[in-house]
1. Counting alpha carbon pairs within less than 8 Å and at least 6 residues apart, what relative contact order, in whole percent, applies to the stretch 231-368?
2. Can you pull the percent of the chain's accessible area that's carbon plus sulfur, 1.4 Å probe, other chains left in place?
3. If a paramagnetic tag sat 7 Å from the Cα of V231 along the Cα-Cβ line, which residues of the stretch 407-436 would have the backbone N under 11 Å from that point?
4. May I ask you to list the chymotrypsin sites (Phe, Trp or Tyr not before Pro) in the stretch 372-465 that are in a DSSP loop and have at most 15 other Cβ atoms within 10 Å of their Cβ?
5. In nm, give the distance between the simple-model label positions of L12 and L174, each being 7 Å from the Cα along the Cα-to-Cβ direction.
6. Which residues in the stretch 404-427 place their backbone N less than 17 Å from a point set 7 Å from the Cα of V83 along the Cα-to-Cβ direction?
7. In a Debye calculation with equal point scatterers on the alpha-carbon sites of the chain and no solvent, what is log10 I(q)/I(0) at q = 0.11, 0.12 Å⁻¹?
8. Loop-only trypsin sites (Lys or Arg not before Pro) in the stretch 35-104, please: DSSP not H, G, I, E or B, and at most 10 other Cβ atoms within 10 Å.
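The values are calculated or read from the model by the stated rules, or taken from the named source; none is laboratory data. Please read these numbers as outputs of a predicted model, since none were measured by experiment. Quick reminder, even Gly has a Cβ in these numbers, built from the backbone with ideal geometry, and neighbours come from all protein chains shown. The area values use the complete protein model at the heavy-atom level, side chains included, leaving out ligands, DNA and RNA. Shrake-Rupley method; radii C 1.70, N 1.55, O 1.52, S 1.80 Å.
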Amino acid sequence: MSFQPVLLWTDLLLWLLLGCGVGLGIVSAHTLRQAWSRLGKNTVAMATATLLSAFLLVGLLDSLHYRERLPPAPGEVRVVYGVEVRSVLDGLLRQLREQSEKTYSAPFATRLYAKETLETPAGPVQGYPRLKYGGAHLGEHEAKRDKDVLQRAFAAGVLAFLLWLGLTAGLTALLARHQGASHHETWQAIWQGETAFAWRGVLLALGGLLLVFLPMALWAGDYHVLGTDKVGQDVFYQVLKSIRTALVIGLVTTLVMLPLAVVLGIVAGYFRGWADDLIQYVYTVLNSIPGVLLIAAAVLMMQVLIDTHPQWFATAAERADLRLLALCVILGMTSWTGLARLLRGESLKLRELEYIQAARAFGVSSARIIGRHLLPNLMHIVVIALVMDFSSLVLAEAVLSYVGIGVDPSMISFGTMINNARMELGREPVVWWSLAAAFVFMFVLVLSANLFADAVRDAFDPRLD
């Protein structure tokens, strides 16, 4: 084989969580059918879900890792693989990853951002040297850069419109055939929001994605679209790599938090007595400790453990992955209390309802009552809390990495990008694009998650049934 698959812990958990999410949706499709139907009819929800799906696709491509096979040395028979762990996304973005400059360069620049001593026939002078890759295709015609950028943008815009028009026409034809209506009637129904599923939101989001990323794809081959950082690495490549870290923090932490919150919350509310007192004592103590201090202490202890056992890791990627996994576990262990408290209060109310009292009178076991009656009636709280917690966890990673107790410094994330960019704002001239790129991508991700969470909360509110 030309490559050796590598399975990191966070890869396994991310794919596992994706499967659990799909399974949860299928299981709850019957009991929460009306809620899912309301969510599907919400235009904003489907538009933001499409954006989140695009982020998820990038994260999943970055969660398929491998090690490339090295060329055999003369007389070497055995197969040797490189120590660098790469992902499918790295393979797709190989050009961006390998085309590194010397240092900073602004977006779409053809020259470095800092002056250097240049050798000329007239002698050494101070100037801005040409980039090795950015705008290299222009040769001596640097003045044509703006024209070239605009031409590519126009061509990408036309291509994006044609692709979107083709997708829209294909969807309209399929819906018209399924519903037995004319194409014109189906087209009107889609854009007037009269379909059972909010296809209008999906098409609008797809149109926006095509309009933004097709031009960036055409530019990225010959320009550094978002500039380069201090060591000359492409910033566009960095923000795409940061998406996986944000998703792992937001989703894998959920996998740690969910069992604790559901089990302890239901047990405290249903059984009451000493179990309720003990669980309340535990989460009251956790809430009384400042979260940042608790997380910092746990991360530092984990880092000491990693540093004292280097033999555990075959590659640097495995070492960084273990620290990321430890951060997810720590965040999950400190963030389950809010959901557990909500579930406890709802369980206290549900256990007093007539049908649960009747089930207890007939001798039905507590486990069966919890599985058949309590848990299905608590699913709306679980779904709402998990979606709403995602954005807060993504922001938490950025804050923790900014103060130096987040992910491994070698791992690219929005937090490490912001942390590295803080000193760049104090130099002259100001290097602003790295911070701006991280902020914009994180803002779009968090805003999409928040809007989707609002739609989920409205759709799964039992008072609307």
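1. 42
2. Accessible surface attributable to carbon and sulfur in the chain totals 67 percent.
3. Only 409-412 pass the distance filter.
4. Values: sites: F390, Y402, F414, W432, W433, F439, F441, F443, F452, F460; in loops: W432, F460.
Hits after loop and neighbour filter: W432.
5. 3.6
6. Residues 410-411 qualify, since their backbone N sits under 17 Å from the label point.
7. Ignoring solvent entirely, the Cα scatterers give -1.07, -1.20.
8. R78
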